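Asks: Sending over a structure as structure tokens; questions will come in a sec.
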Amino acid sequence: MASETTPRYTVPGLTVQDAGSVIEVLQQRLHSLNDLHLTLKHVHWNVVGPHFIAVHEMLDPQVDRVRDMADDVAERLAALGGVAHGTPGALVAERSWQDYSVGRADAIAHLGALDLVYTGLVQDLRLAIKTVGEIDPATEDLLIGQLRDLEQFQWFVRAHLETAGGSLATADATTEKEAAEQSIDR
């Protein structure tokens with residue numbers, strides 16, 4: 001009998017065991033992307049200050065693209081014979097990170113916190129790419145494309161946090177709240 005992640009069948013050229021390994025990775029990517037698009041909307045709704053409109057309008061295209069990424073991941077997961085768990089309960093139960101910790105705040109403070117969010121996502125995604133790259137080049141290709149987009153979004157965020165001298169205001173931050181504080185203290 002198949003386990004929760006080991007499918008009964010999969011795409012030609014993969015074993016069900018290899019597909020199960022890829023499905024596990026994709027499920028975590030799905031949780032990460034669902035969490036990210038909700039976090040980005042949270043920031044979009046709670047950003048204030050002189051940079052409000054720039055940040056508010058910058059985030060909607062990111063939300064749309066991240067939602068598309070989640071859909072692509074869920075569809076790949078299903079194509080491999082898995083079940084995409086996209087409910088809030090599954091996300092909360094299976095995630096390894098804490099909820100976004102900044103509420104209503106200055107736009108630059110939110111961007112400082114988002115920089116850390118993107119750092120965590122990009123690092124995890126690079127590990128996922130390495131894992132699936134040894135098994136399934138189609139999934140690897142999907143994730144590489146998403147990596148490029150997420151790195152670009154982080155670049156957009158960091159452009160607001162970089163000093164004229166090239167320093168990143170959040171370089172020493174280890175928590176979202178610390179990054180938020182450091183970004184407005186620069």
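Asks: Taking the range 123-137 as the search range and keeping residues that are of a type outside the set (D, E, K, R) and surrounded by 15 or more Cβ atoms within 10 Å (Cβ to Cβ), which one is farthest from the chain's Cα centre (by Cα)?
Replies: Filtering the range 123-137 down to residues of a type outside the set (D, E, K, R) leaves 123, 125, 127-129, 131-133, 135, 137.
Then keep just the ones that are surrounded by 15 or more Cβ atoms within 10 Å (Cβ to Cβ); that gives 125, 128-129, 131-132, 135.
Numbers: 125: 8, 128: 12, 129: 14, 131: 17, 132: 17, 135: 22 Å.
Here the residue is 135.
Asks: Turning to a different aspect of this structure: Please specify each residue of the range 60-97 satisfying the condition of being under 13 Å from the mean Cα position of the chain (by Cα) and among the polar types (S, T, N, Q).
Replies: Those that are under 13 Å from the mean Cα position of the chain (by Cα) and among the polar types (S, T, N, Q): 62, 96.
Residues checked against (1) buried (at least 17 other Cβ atoms within 10 Å of the Cβ); (2) out of contact with any Phe, Trp or Tyr (no Cβ under 8 Å at 6 or more places or on another chain); (3) more than 15 Å from residue 85 (Cβ to Cβ):
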position: 10; (1), (2), (3): yes, yes, yes
position: 13; (1), (2), (3): no, yes, yes
position: 17; (1), (2), (3): no, yes, yes
position: 23; (1), (2), (3): yes, yes, no
position: 32; (1), (2), (3): yes, yes, no
position: 40; (1), (2), (3): yes, yes, yes
position: 46; (1), (2), (3): no, yes, yes
position: 54; (1), (2), (3): no, yes, yes
position: 57; (1), (2), (3): no, yes, yes
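Asks: Could you check the range 61-87 and list, in sequence order, the residues that are surrounded by fewer than 13 Cβ atoms within 10 Å (Cβ to Cβ) and either modelled with pLDDT under 95 or not in a helix (DSSP H, G or I) (or both)?
Replies: Hit for the range 61-87 is 87, nothing else.
Asks: If we keep just the residues of the range 109-119 that are in contact (Cβ under 8 Å) with a residue 60 or more places away in the chain and open to solvent by 10 Å² or more (accessible area, probe 1.4 Å), which is farthest from the chain's Cα centre (by Cα)? Explain how you work it out, then say what you get.
Replies: Start the filter on the range 109-119 by keeping residues that are in contact (Cβ under 8 Å) with a residue 60 or more places away in the chain, which leaves 109-117.
Applying the additional criterion that residues be open to solvent by 10 Å² or more (accessible area, probe 1.4 Å) yields 116-117.
On the way: 116: 11, 117: 8 Å.
It comes out as 116.
Asks: What pairs come out if I take residues in the range 72-96 that are touching a residue at least 12 places away in the same chain (Cβ under 8 Å) and pair them with residues that are part of a loop (DSSP other than H, G, I, E, B) and of a type in the set (Lys, Arg) whose C-beta lies under 9 Å away, six or more apart or interchain?
Replies: As it stands, the answer is 81/8, since those pairs meet every condition given.
The values are calculated or read from the model by the stated rules, or taken from the named source; none is laboratory data. Computed from a prediction, not measured in an experiment: that's the story for all the values here. Ideal geometry is used to build each Cβ from the backbone, glycine not excepted, and the neighbour counts take in all protein chains shown. With ligands, DNA and RNA removed, areas are computed over all heavy atoms of the protein, side chains included. Shrake-Rupley method; radii C 1.70, N 1.55, O 1.52, S 1.80 Å.
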